[in-house]
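Here's the structure, in structure tokens; my notes come after.
The values are calculated or read from the model by the stated rules, or taken from the named source; none is laboratory data. Please read all numbers here as calculations on a predicted model, not as lab measurements. When the accessible area is computed, the model is the full protein with side chains, heavy atoms only, and any ligands, DNA or RNA have been set aside. Shrake-Rupley method; radii C 1.70, N 1.55, O 1.52, S 1.80 Å.
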Amino acid sequence: MELGFSIALIVLSALLMMLVLMHKGKGGGLSDMFGGGMQSSVGGSSVAERNLDRITIVVALAWFAVIVVLGLLMKFD
């Protein structure tokens with residue numbers, strides 16, 4: 001069980017790192033390659049950037065949950 005959560009933690013960590021690096025900074029980012037460079041005048045943020053934000057939040061919450069479960073498994077084992 002711990003092995004499965006450890007593998008999930010490694011995969012989620014790599015995915016989260018990739019997603020964070022795709023966000024646009026001050027000078028642009030990798031998200032520009034996927035349509036993040038087209039800013040709409042109404043929303044202030046493009047659809048691609050908002051979807052990237054949502055995906056990053058979901059992956060970060062899953063990453064946190066895996067850490068908590070893995071910690072509990074190690075504590076009670």
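When LEU15, LEU21 are compared by accessible area at a 1.4 angstrom probe, the order from most to least is LEU21, LEU15. Phi-derived couplings, Karplus 6.51 cos²θ - 1.76 cosθ + 1.60 at θ = phi - 60°, listed residue by residue for the range 63-70: 4, 5, 5, 5, 5, 5, 5, 5 Hz, with x used for Gly and Pro.
Close amide H contacts of SER46 (hydrogens built in the peptide plane, cut-off under 5 Å, sequence separation of 5 or more or a different chain): SER40.
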